[in-house]
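First the structure, in the form of structure tokens, and then the observations on it.
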Amino acid sequence: MPTPNGQIASLEGARQAPVSVSQLLKSVRDALEHRFPLMWVAGEISNLTRAASGHWYFTLKDDDAQVDCVMFRGRAAHLDWTPKEGTRVEARVLVTLYEPRGRFQLNVETMRHAGLGPLYERFLRLKETLAREGLFDAAAKRELPAHPHAVGVLTSLAAAALRDVLSTLARRNPSLPVIVYPVPVQGDGAADRIAAMLRTANARAECDVLLLVRGGGSLEDLWQFNEQAVARAIRASRIPVVVGVGHETDFTIADFAADRRAPTPTAAAELVSAPRAELLARVAELALRAGRESLRRIGYAMQTVDGLARRLVHPADRIHASRQLVAQLAARLASANSRQLDAAAARLDRLRTGLTGLDPSAVLARGYSITRNGAGEVLRDAARVAEGERLVTTLSKGWIESEARTAPVKAASRAKTTAAGAAAVAALHITVVQARWHV
């Protein structure tokens, strides 16, 4: 017979509605995903299978346990390295349940090699330190030459990155000289040798831009590009540096220190080389523009010449015009001289007439005479003549020398004059007592 407790349990079970398996597993999955957020899990890969769909299936195990894992195609495509059997990894996972099989599993978001957690933290600390120093400042970065005369490539001679760069440069611009500076890009001491080779390239000064390149790899493989020796050598370089290390998702300290970061070595080569076809098209365009400009300037010059030609007079025409001008000026000068001569002649005639009227000779020719005393003074008043004074009378022709004597006035004449007039008349009568003449 059932116990009282068993009867109670049986009754409770009878009252609860049953759930389906899928409902149960879904509840368990939700509980797991809610209880365990994304986390890093360390372990060793085993039973790795790559499905045709692109998904990866494997087991992650340690010495005491193991768990099934799946990495879906979209996540696996972003992984820049290939997992192998026995590889110890750190996987970022979502704890979940695969409901169709009722199987506990981990959905892997990404993976890295085991032990790289501290290395990545070291990367972040160094990046922060160098950033505070201003080593990554955009203002310190140099512009890349638009058309370099030569390109320098720093990488390993055995690296696939070198082949990618050379083939890209040869395809885009085969005339561009390339100088290879061989240097190891992986392993202990590679960072110091990279820094030394950067200094050597600057000392030789053979190129206008430097490419520091290598292919993809794990964080450990690329670690030499995270050393501060390389970053400082890049910033100390006088030649602009382009860093193309790893794949597009890879970032190193060298990328931040570089003047330009390229996602791949091929992209780095493309940054510094314009396609030959593009250059030829540009040259053709410039030649066309230069031709048009030349024709335009020649046209302007021809118009200027035409304008000057219209202003230019033939020498014979200019000589003829000058002769005409000289003739006109000569005629005007002759006319002016004639007028001046006529005016001068008229003035001379006027002066001659005036002088003739004032000429004593002309007066004498009309019957007048001039008498001078012994001192040569012209006599104008008879009262000034002294008794017995010698006088000289100048005639129109010749002269007469005489001596002055006062003569008595006749009675008839005296009656006709006043007393004052009588004295004057007496003085005017001169008796010539002795005369000489000269013709």
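The values are calculated or read from the model by the stated rules, or taken from the named source; none is laboratory data. What you see is a predicted model, and the numbers here were worked out from it, not measured in a lab. We place every Cβ from the backbone using ideal geometry, glycine too, and count neighbours over all the protein chains shown.
Quick one: in segment 336-378, which of the residues that are hydrophobic (A, V, I, L, M, F, W, C), within 30 Å of residue 406 (Cα to Cα) and at pLDDT 85 or above is surrounded by the most Cβ atoms within 10 Å (Cβ to Cβ)?
Taking the candidates together, the pick is 370.
Exactly one of these conditions fails for residue 46: (1) assigned to a strand (DSSP E or B); (2) without any contact (Cβ under 8 Å) to a residue 12 or more places away in the chain; (3) small (Gly, Ala, Ser). Give me its number.
Against the list (1) assigned to a strand (DSSP E or B); (2) without any contact (Cβ under 8 Å) to a residue 12 or more places away in the chain; (3) small (Gly, Ala, Ser), residue 46 comes up short only on (2).
Exactly one of (1) surrounded by 13 or more Cβ atoms within 10 Å (Cβ to Cβ); (2) part of a loop (DSSP other than H, G, I, E, B) is unmet by residue 89. Its number?
Tallying (1) surrounded by 13 or more Cβ atoms within 10 Å (Cβ to Cβ); (2) part of a loop (DSSP other than H, G, I, E, B), residue 89 fails exactly one: (2).
What's the number of the only condition in (1) in the same structural domain as residue 217 (by TED's automatic domain parsing); (2) part of a helix (DSSP H, G or I); (3) farther than 30 Å from residue 74 by Cα that residue 130 fails to meet?
Tallying (1) in the same structural domain as residue 217 (by TED's automatic domain parsing); (2) part of a helix (DSSP H, G or I); (3) farther than 30 Å from residue 74 by Cα, residue 130 fails exactly one: (1).
Residue 158 passes all but one of (1) part of a loop (DSSP other than H, G, I, E, B); (2) touching a Phe, Trp or Tyr at 6+ places or on another chain (Cβ under 8 Å); (3) free of Cβ contacts under 8 Å to residues at least 60 places away in the same chain; (4) hydrophobic (A, V, I, L, M, F, W, C); which number fails?
Of everything listed in (1) part of a loop (DSSP other than H, G, I, E, B); (2) touching a Phe, Trp or Tyr at 6+ places or on another chain (Cβ under 8 Å); (3) free of Cβ contacts under 8 Å to residues at least 60 places away in the same chain; (4) hydrophobic (A, V, I, L, M, F, W, C), residue 158 misses just condition (2).
Inspect segment 144-159 for any residue being buried (at least 18 other Cβ atoms within 10 Å of the Cβ), modelled with pLDDT under 90 and assigned by TED's automatic domain parsing to the domain that holds residue 174 and give the result as yes or no.
Taking every residue of segment 144-159 in turn, at least one turns out to be buried (at least 18 other Cβ atoms within 10 Å of the Cβ), modelled with pLDDT under 90 and assigned by TED's automatic domain parsing to the domain that holds residue 174.
May I ask you to list the residues in segment 169-198 that are more than 34 Å from the chain's Cα centre (by Cα) and surrounded by 19 or more Cβ atoms within 10 Å (Cβ to Cβ)?
181, 183, 184, 185, 190, 191, 194, 195, 197
I need every pair where a residue in segment 77-94 that is more than 15 Å from residue 218 (Cα to Cα) has its Cβ under 9 Å from the Cβ of a residue that is of a type in the set (S, T, N, Q) and not in a strand (DSSP E or B), sequence separation at least 6 or different chains.
Listed by first residue and then by second, the contacts come to nothing, as the list is empty.
Please go through segment 217-227 and pick out each residue that is assigned to a helix (DSSP H, G or I) and modelled with pLDDT of 90 or more.
From segment 217-227, those assigned to a helix (DSSP H, G or I) are 223-226; that's our starting set.
The answer is 224, 225, 226.
Filter segment 228-262 for residues that are under 16 Å from residue 155 (Cα atoms), part of a loop (DSSP other than H, G, I, E, B) and either among the β-branched types (Val, Ile, Thr) or more than 34 Å from the chain's Cα centre (by Cα) (or both) and give the result.
Those that are under 16 Å from residue 155 (Cα atoms), part of a loop (DSSP other than H, G, I, E, B) and either among the β-branched types (Val, Ile, Thr) or more than 34 Å from the chain's Cα centre (by Cα) (or both): 246, 247, 252.
Within the set of pairs 6+ apart or on separate chains, which have a first residue in segment 194-213 that is in contact (Cβ under 8 Å) with a residue 60 or more places away in the chain and among the β-branched types (Val, Ile, Thr), a second that is surrounded by 24 or more Cβ atoms within 10 Å (Cβ to Cβ) and assigned to a strand (DSSP E or B), and C-beta atoms under 6 Å apart?
These pairs meet every condition: 209/151; 213/155; 213/244.
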